Amino acid sequence: MASKTSRAVMEPEGEKASQHSPELLLGLYRTLWKCRMADEKARVLFRQGKFGGNFYSAVGQEATNVGTAFGLREDDWIAPSHRDWTSNIIKGAPLKFCFAQLFAKATSPDRGRSSPAHMGYPPLHVITPASSIAGQLNVGTGVAFGLKKHGRDTIVVAYFGDGATSIGGFHEALNFAGVHKLPIVYVCANNLWAESVPLRLQTALTNLSERAKAYGFPGVSVDGNDVLAVYDVAQTAIARARSGQGPTLIECKTYRWYGHSEIDPAKYRIKEEVDAWKKKDPVATFEKHLLEKKILTDAKKTQVTSEITQEINEAVEFAEQSPYPDPSELSDHVWGAPYGGAQKGSR
Ligand SMILES: Cc1ncc(C[n+]2csc(CCOP(=O)(O)OP(=O)(O)O)c2C)c(N)n1
Ligand SMILES: [Mg+2]
């Protein structure tokens, strides 16, 4: 499968459902909606001033995140980027903790310490994202190295964008993983933009998966808005990593509907480009597919979205009502042992 566009991209739409159980298809469907609705809700809450900092929406990219993480085991690891807040949701972190993290409340997994959306969830092995682009690739690769050394059969899935592929840390991570045949899957969400920098100014490549060639492992490019195509490619890569054959680089071609963050009006993009990608909405496309295949009914569709709405409302209420951390906790959990230079309350 080295450096080519996935066969799944080419397949006629209707052929795919037969290979997947209805439970899997409905699970993917519910998770796509959960990510879409939680992400849209977070955008609204940010604009209402309910939480500070910033928020990096991944609306439009749901099939990439869901397709690559849905088939993971509970003890597998995820190394997300700044745009992968929903990785926590896909891995199964309770929504109330996800919203508490955005709100920087004491009830969040990091007790209000990290930037909004830079969320990790230790009980389910989601690593807190690094703010430095590609930093999570180095951390995730280190975790994969540790897993291999300890003889575990768990794997890491690490996420990043097109822009991250130009940074040294990306190349160091993939090179190291190739040398040591590490149990890791690298997922590049190529959304065509790195803040305001278009892909054509980022690289002369068309398929970013070709970069894998330089590190001696397979690369595959896939339609990142087709959840089943992404899922199939990810399953192959996950099995490869778990069986000790080493890494895979998956490039998912997708698009973020909104600006780089909620403070970016994205005036550098033309309307036609945005409109064309919105027509390829990964959630609506999959929904239509399932309705046509009669795996989904209108009644089930309403049930799924109303259950998620209720879950989100309860989670937001939990986050809003939770306290902020007490300032006296500021230096807790920063050092493994008390550090003489900056004791709590020493200033
Ligand atoms: C080393 C470093 N340089 C610059 C930034 C600022 N920055 C944050 S996200 C980003 C763009 C990343 O683009 P891409 O990798 O394509 O991911 P996307 O935001 O599109 O998901 C930049 C330049 C940073 N966080 N770290
Ligand atoms: Mg990008």
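The values are calculated or read from the model by the stated rules, or taken from the named source; none is laboratory data. Just so it is clear, the structure is predicted and the values come from calculations on it, not from any experiment. For neighbour counting, all protein chains shown are included, and Cβ atoms are generated from backbone atoms with ideal geometry for every residue, glycine included.
Please indicate, with yes or no, whether at least one residue in segment 58-74 is in contact with a Phe, Trp or Tyr (Cβ under 7 Å, 6 or more places away or on another chain) and at pLDDT below 95.
yes
Among the aromatic types (Phe, Trp, Tyr), over 12 Å from the mean Cα position of the chain (by Cα) and outside any loop (DSSP other than H, G, I, E, B) - does that describe any residue in segment 100-109? It would help to see each step written out before you state the result.
To start, the set of residues in segment 100-109 that are among the aromatic types (Phe, Trp, Tyr) comprises 103.
Those left that are additionally over 12 Å from the mean Cα position of the chain (by Cα): 103.
Now restrict to residues that are outside any loop (DSSP other than H, G, I, E, B): none.
No: segment 100-109 contains no residue that is among the aromatic types (Phe, Trp, Tyr), over 12 Å from the mean Cα position of the chain (by Cα) and outside any loop (DSSP other than H, G, I, E, B).
Can you tell me which residues in segment 295-316 are touching a residue at least 40 places away in the same chain (Cβ under 8 Å) and among the small types (Gly, Ala, Ser)?
Once the filter is applied, which keeps residues that are touching a residue at least 40 places away in the same chain (Cβ under 8 Å) and among the small types (Gly, Ala, Ser), segment 295-316 yields only ALA315.
Quick test of your reading of the structure: PHE160 fulfils all but one of (1) surrounded by fewer than 24 Cβ atoms within 10 Å (Cβ to Cβ); (2) near ligand 1 (Cβ under 8 Å from one of its atoms). Name the failing condition by number.
(1)
Just checking, which of LYS288, LYS280, LYS253, LYS301 is surrounded by 11 or more Cβ atoms within 10 Å (Cβ to Cβ), modelled with pLDDT of 95 or more, in contact with a strand residue (DSSP E or B) (Cβ under 6 Å, 6 or more places away or on another chain) and of a type outside the set (A, V, I, L, M)? Spell out how you get there, then give the answer.
Details: LYS288 fails: in contact with a strand residue (DSSP E or B) (Cβ under 6 Å, 6 or more places away or on another chain); LYS280 fails: in contact with a strand residue (DSSP E or B) (Cβ under 6 Å, 6 or more places away or on another chain); LYS301 fails: in contact with a strand residue (DSSP E or B) (Cβ under 6 Å, 6 or more places away or on another chain).
So the residue among LYS288, LYS280, LYS253, LYS301 that is surrounded by 11 or more Cβ atoms within 10 Å (Cβ to Cβ), modelled with pLDDT of 95 or more, in contact with a strand residue (DSSP E or B) (Cβ under 6 Å, 6 or more places away or on another chain) and of a type outside the set (A, V, I, L, M) is LYS253.
Just to be sure, is GLY140 under 22 Å from HIS118 (Cβ atoms), crowded, with 23+ Cβ neighbours inside 10 Å and at pLDDT 95 or above?
Details: under 22 Å from HIS118 (Cβ atoms): yes; crowded, with 23+ Cβ neighbours inside 10 Å: yes; at pLDDT 95 or above: yes.
Taking the combined requirement at face value, the residue satisfies it.
Across segment 154-173, which residue is farthest from ligand 2 (Cβ to nearest atom) among those that are farther than 15 Å from ARG240 by Cβ and of a type in the set (Val, Ile, Thr)?
In this case the residue turns out to be ILE167.
Taking segment 118-148 on its own, how many of its residues are more than 16 Å from the chain's Cα centre (by Cα) and more than 21 Å from GLY169 (Cβ to Cβ)?
Of the residues in that region, 1 qualify.
Please state which one of ALA158, ALA212 is in contact (Cβ under 8 Å) with a residue 60 or more places away in the chain, among the aliphatic types (A, V, I, L, M) and either under 23 Å from PHE55 (Cα atoms) or not in a helix (DSSP H, G or I) (or both). Give the steps one after another, and end with the answer.
Details: ALA212 fails: either under 23 Å from PHE55 (Cα atoms) or not in a helix (DSSP H, G or I) (or both).
Just one listed residue meets the conditions, ALA158.
Confirm whether ASP84 is under 16 Å from the mean Cα position of the chain (by Cα), within 16 Å of ligand 2 (Cβ to nearest atom) and of a type in the set (D, E, K, R). Spell out the reasoning first.
Details: under 16 Å from the mean Cα position of the chain (by Cα): yes; within 16 Å of ligand 2 (Cβ to nearest atom): yes; of a type in the set (D, E, K, R): yes.
Against the criterion (under 16 Å from the mean Cα position of the chain (by Cα), within 16 Å of ligand 2 (Cβ to nearest atom) and of a type in the set (D, E, K, R)), ASP84 qualifies.
Quick one: is LEU182 within 16 Å of ligand 1 (Cβ to nearest atom), more than 16 Å from the chain's Cα centre (by Cα) and more than 29 Å from PRO265 (Cα to Cα)? Let's see the steps before the verdict.
Values: within 16 Å of ligand 1 (Cβ to nearest atom): no; more than 16 Å from the chain's Cα centre (by Cα): yes; more than 29 Å from PRO265 (Cα to Cα): yes.
Criteria not met by LEU182.
State all residues of segment 266-303 that are under 17 Å from ALA63 (Cβ atoms) and among the polar types (S, T, N, Q); if no residue qualifies, say none.
Scanning segment 266-303 gives a single hit, THR285.
Based on what the data block shows, is GLY60 under 16 Å from SER261 (Cα atoms) and either buried (at least 20 other Cβ atoms within 10 Å of the Cβ) or in contact with a Pro (Cβ under 6 Å, 6 or more places away or on another chain) (or both)?
Here the answer is yes, as GLY60 does meet what is asked.
Could you check segment 187-242 and list, in sequence order, the residues that are of a type in the set (Ser, Thr, Tyr), under 19 Å from the mean Cα position of the chain (by Cα) and within 16 Å of ligand 1 (Cβ to nearest atom)? Break it down stepwise before answering.
Pass one, segment 187-242, residues of a type in the set (Ser, Thr, Tyr): 196, 203, 206, 209, 215, 221, 231, 236.
Filter once more, keeping what is under 19 Å from the mean Cα position of the chain (by Cα): 209, 221, 231, 236.
Answer for segment 187-242, where residues must be of a type in the set (Ser, Thr, Tyr), under 19 Å from the mean Cα position of the chain (by Cα) and within 16 Å of ligand 1 (Cβ to nearest atom): SER209, SER221.
Name the residue that is nearest to ligand 2 (Cβ to nearest atom), counting only residues in segment 174-205 that are assigned to a helix (DSSP H, G or I) and of a type in the set (A, V, I, L, M, F, W, C). Walk me through how you get there before you give the answer.
Taking segment 174-205 as the starting set, the residues that turn out to be assigned to a helix (DSSP H, G or I) are 174-179, 199-201.
Next cut, of a type in the set (A, V, I, L, M, F, W, C) only: 174, 176-177, 179, 199, 201.
Values: LEU174: 17, PHE176: 23, ALA177: 21, VAL179: 27, LEU199: 8, LEU201: 12 Å.
Checked segment 174-205; the qualifying residue nearest to ligand 2 (Cβ to nearest atom) is LEU199.
Yes or no, residue by residue, for (1) more than 16 Å from ligand 2 (Cβ to nearest atom); (2) assigned to a helix (DSSP H, G or I); (3) out of contact with any strand residue (DSSP E or B) (no Cβ under 7 Å at 6 or more places or on another chain); (4) charged (D, E, K, R):
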| position | (1), (2), (3), (4) |
| --- | --- |
| GLY146 | yes, yes, yes, no |
| GLY151 | yes, no, yes, no |
| ASN225 | no, no, yes, no |
| THR236 | yes, yes, yes, no |
